[in-house]
Amino acid sequence: MEYTIQQLAKLSGVTTRTLRYYDEIDLLKPFRLTDSSYRIYGEWEVQLLQQILLYRELGLKLEEIKEILCSSNFDIKSALLEHRKKLLKERTRIEKMLLNVEKTIQSMKGEYEMMDKERFEGLKDKMVQENEKQYGDEIRKKYGEDVIDASNAKLRGMNEEQFKENQILEQRIIDLLKEAMQKGDIHDVKAKEAVACHKKWLKQYWPSYSIEAHKGLADMYVADERFTSYYDQHRKGMAQFLREAIYANI
């Protein structure tokens with residue numbers, strides 16, 4: 001079956017403007033053009049659009065989606081199986097969060113006695129899922145599947161006290177870096193303390209610690225804008241300052 005651009009827009013829920021843009025950037029080309037230069041889309045294009053929208057829903061950028069779709073080993077069936085796997089994980093996370101909220105409401109009504117450790121189960125899973133979604137591919141390539149799986153397991157196994165302690169420690173690192181950056185000296189006592197706290201923080205998540213891995217992570221803080229933005233949102237240049245401080249004081 002073939003569709004005009006208006007028909008495909010109505011079918012998929014995207015605008016004709018979006019479809020034209022996808023054509024312009026060579027992400028989704030029409031099957032053919034009519035004599036009047038109207039775009040016509042076939043079954044293959046419909047399937048590709050479905051993939052694009054699924055990848056968008058999973059948080060990928062258009063450049064990343066284009067790279068995937070243009071890959072010589074791209075296969076729609078395999079892509080759908082991968083989508084299914086990720087969506088099932090997301091469903092599990094949401095179900096845990098819903099259960100957590102329901103138990104909390106029941107606890108507030110006096111209908112259920114909620115253990116303190118239960119209050120953080122959904123939050124820990126959320127952290128794991130968000131980290132995987134944002135940084136998963138890069139950190140798995142750098143450190144390996146087993147290391148990251150073990151790190152996630154360690155996070156899920158944290159008790160309430162450890163979970164709160166790590167959140168406090170994370171904020172302490174930011175506060176120390178702000179103070180150290182005011183002096184602009186990576187050898188300042190505040191910079192050294194920030195690195196020591198950062199090391200302690202990593203040990204809470206990593207199954208094993210090494211200076212090389214710590215420096216490697218510091219390199220990622222400045223090489224990948226997603227990591228950079230996490231620190232630079234607090235003060236511009238913080239990611240670079242932290243990297244230099246780690247190299248100087250670790």
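Counting only residues that are out of contact with any His (no Cβ under 8 Å at 6 or more places or on another chain) and part of a helix (DSSP H, G or I), which one in region 199-213 is nearest to Lys154 (Cα to Cα)? Walk me through it before giving the result.
Kept after step one, since they are out of contact with any His (no Cβ under 8 Å at 6 or more places or on another chain), are these residues of region 199-213: 200-201, 203-213.
Applying the additional criterion that residues be part of a helix (DSSP H, G or I) yields 200-201, 203-205, 211-213.
Numbers: Lys200: 14, Trp201: 13, Lys203: 10, Gln204: 8, Tyr205: 6, Ile211: 20, Glu212: 21, Ala213: 17 Å.
For region 199-213, the residue satisfying everything is Tyr205.
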* **Where a residue in region 172-183 is farther than 14 Å from Lys236 by Cβ and its partner, wherever it lies, is modelled with pLDDT of 95 or more and aromatic (Phe, Trp, Tyr), with Cβ under 8 Å and at least six apart** => Ala180/Phe241
* Given the residues Leu53, Leu88, which is the only one that is open to solvent by 50 Å² or more (accessible area, probe 1.4 Å) and farther than 24 Å from Ile5 by Cα? -> Leu88
* To do: Report yes if Ser210 is polar (S, T, N, Q) and surrounded by 14 or more Cβ atoms within 10 Å (Cβ to Cβ), otherwise no.
  => no
* Selected residue (criterion: surrounded by the fewest Cβ atoms within 10 Å (Cβ to Cβ)) from residues of region 29-41 that are touching a strand residue (DSSP E or B) at 6+ places or on another chain (Cβ under 8 Å) and not in a strand (DSSP E or B) -> Thr34
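For region 69-107, name all the residues that are in a helix (DSSP H, G or I), of a type in the set (D, E, K, R) and modelled with pLDDT of 75 or more.
Residues of region 69-107 that are in a helix (DSSP H, G or I), as a first pass: 69, 76-107.
From what's left, of a type in the set (D, E, K, R): 77, 82, 84-86, 89-91, 93, 95-96, 102-103.
Listed by number, the residues that qualify are Lys77, Glu82, Arg84, Lys85, Lys86, Lys89, Glu90, Arg91, Glu95, Glu102.
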* Output for region 91-110, where each listed residue is among the polar types (S, T, N, Q), surrounded by fewer than 14 Cβ atoms within 10 Å (Cβ to Cβ) and under 24 Å from the mean Cα position of the chain (by Cα) -> Thr92
* Residue that is farthest from His198 (Cα to Cα) [pool: residues in region 218-239 that are of a type in the set (A, V, I, L, M) and at pLDDT below 90] -> Ala223
* Answer yes or no as to whether Ala196 is part of a helix (DSSP H, G or I) and open to solvent by less than 50 Å² (accessible area, probe 1.4 Å). => no
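The values are calculated or read from the model by the stated rules, or taken from the named source; none is laboratory data. Since this is a predicted model, take the numbers as computed values, not measurements. Ideal geometry is used to build each Cβ from the backbone, glycine not excepted, and the neighbour counts take in all protein chains shown. Just the protein is used for accessible areas: all its heavy atoms, side chains included, with ligands, DNA and RNA removed. Shrake-Rupley method; radii C 1.70, N 1.55, O 1.52, S 1.80 Å.
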